[in-house]
Amino acid sequence: MPIVTIILVVLIFVYWYWHLKNLFKGKHSRLFALLIIAYFLLTLFPSSNVFFFWLSSFQIIWFTLYLQLSFVSDVGLLVYRQIKKEKLSSVFCLHYFRRVFVVSWIITLLFVCFGAWNNYHYRFHDVEIPLPGLEKTIKGVYFSDIHLAAGFPKSKMERLVHDIDSIAPDVVFFGGDVADASNEYLSEKGFDSLLKEVKAPLGFYGVIGNHEGYLLRSGSDLVAWMNQNGMVTLLDSTVCNQMFCVSGRLDHQYASHLDLDRMTLDYLSVEVLKQKEKKLPWIVLDHQPKGLDGEKPKILPDLIISGHTHAGQFFPGNIIIDWVWELSEGLGYLDGVLWFVSSGVHSWGPPVRILTKSELVVFKFVPKK
């Protein structure tokens with residue numbers, strides 16, 4: 001972790017401790033503040049229990065909102081003092097800090113209730129994309145970032161599978177980050193049988209994300225789980241059918257966990273070039289929308305599809321995300337390639353969305369005139 005990040009985290013916790021200490025009177029105020037911080041840290045440990053998962057999610061959201069509200073209130077109070085030119089009494093300060101604390105809990109409760117509903121009810125996102133070399137219109141479905149875990153209701157997965165079936169796509173693509181839980185947990189909850197129900201005439205193709213890489217440390221092989229349950233997982237490989245070629249790239253974090261280098265686009269395009277008489281369109285799945293990373297391939301993909309960003313998930317992340325990623329959501333260009341970034345079906349960490357949406361993407365691939 002960079003030294004700047006460590007310093008920033010320490011300063012945040014010192015500021016938080018100072019605010020909490022001022023909620024109480026007497027000599028035990030420091031102890032109470034430390035107990036609240038200790039309780040918060042204990043709730044951060046991941047759990048497969050639904051109650052503790054939601055408790056952790058609530059605490060994380062409250063922490064971020066409380067810091068934001070405290071900072072804005074402190075700035076306002078500082079301006080007020082400068083204008084009035086008077087010292088504030090200890091009684092006023094005590095009530096002030098307590099009001100900020102109570103208001104932060106009320107806002108968090110509203111935030112979580114609406115955000116959880118918004119996250120659960122994903123929307124359909126229809127996108128039409130012209131592809132050169134395509135002989136006829138193809139209907140495709142794309143979903144990513146489902147993060148199966150204690151906070152993912154089985155009913156949402158059932159609805160997702162049902163919706164994909166009702167759309168009757170020609171092809172289904174998955175963009176990575178399938179779970180934050182072990183293979184055993186996923187099978188125990190019945191997610192394996194649900195994933196097996198996802199089918200399409202031209203195939204069900206997927207890639208791995210950074211979270212598949214994180215779970216390697218605990219011995220969970222989610223790639224095997226995905227393959228066993230009907231998905232063709234593309235690990236720096238390309239497959240072609242009569243309509244198109246599709247490549248899947250290793251995720252950056254996953255590759256680094258295994259101390260591997262990602263294969264180049266030139267390597268992945270070998271199978272595409274073999275189809276030069278048919279001139280098939282080339283689609284690439286790459287979990288993170290980082291662009292071409294300085295690559296200058298002989299031929300460019302016709303479309304690259306990503307996820308990962310969650311469009312910032314909830315405020316103020318939805319604002320910050322645009323500073324982090326050149327293309328954080330929707331259709332655009334990166335390094336001269338047409339690129340689509342989905343905000344994902346679910347969320348990472350707290351299953352809450354504010355000012356962003358969960359989505360199931362329905363592609364209409366049409367011949368490019």
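Brief remarks on what is shown
- Of the residues making up the stretch 198-249, not one is within 17 Å of Ser187 (Cα to Cα), buried (at least 23 other Cβ atoms within 10 Å of the Cβ) and polar (S, T, N, Q).
- Looking only at the stretch 164-179, and only at residues there that are surrounded by 21 or more Cβ atoms within 10 Å (Cβ to Cβ) and not hydrophobic (A, V, I, L, M, F, W, C), the one that is nearest to Phe340 (Cα to Cα): Gly175
- Residue count for the stretch 79-108, restricted to those that are in contact (Cβ under 8 Å) with a residue 40 or more places away in the chain and under 23 Å from Ile60 (Cα atoms): 8
- Within the stretch 246-267, being over 13 Å from Lys290 (Cβ atoms) and among the charged types (D, E, K, R) holds for Asp259, Asp261, Asp266.
- Subset of the stretch 231-255 [part of a strand (DSSP E or B), more than 18 Å from Leu134 (Cα to Cα) and of a type in the set (A, V, I, L, M, F, W, C)]: Val232
- So Ser144, is it among the small types (Gly, Ala, Ser) and more than 20 Å from Ser342 (Cα to Cα): no
- Residue match in the stretch 256-265 (condition: out of contact with any Cys (no Cβ under 7 Å at 6 or more places or on another chain), closer than 27 Å to Val161 by Cβ, not hydroxyl-bearing (Ser, Thr, Tyr) and not in a helix (DSSP H, G or I)): no
- Val161 meets all of the listed conditions (1) surrounded by 13 or more Cβ atoms within 10 Å (Cβ to Cβ); (2) of a type outside the set (D, E, K, R); (3) touching a helix residue (DSSP H, G or I) at 6+ places or on another chain (Cβ under 8 Å); (4) at pLDDT below 90 but one, namely (4).
- Taking (1) over 30 Å from Ser166 (Cα atoms); (2) in a strand (DSSP E or B); (3) of a type outside the set (A, V, I, L, M, F, W, C) in turn, Gly332 satisfies each apart from (1).
- For Leu186: the one exception among (1) more than 16 Å from the chain's Cα centre (by Cα); (2) crowded, with 21+ Cβ neighbours inside 10 Å; (3) modelled with pLDDT of 95 or more; (4) not β-branched (Val, Ile, Thr): (3)
- Residue that is nearest to the chain's Cα centre (by Cα), among those in the stretch 339-357 that are within 13 Å of Asp286 (Cβ to Cβ) and touching a residue at least 60 places away in the same chain (Cβ under 8 Å): Ser342
The values are calculated or read from the model by the stated rules, or taken from the named source; none is laboratory data. Treat the numbers as computed from the prediction; the structure is a model and nothing was measured. Glycine gets a Cβ as well: all are built from the backbone with ideal geometry, and neighbour counts include every protein chain shown.
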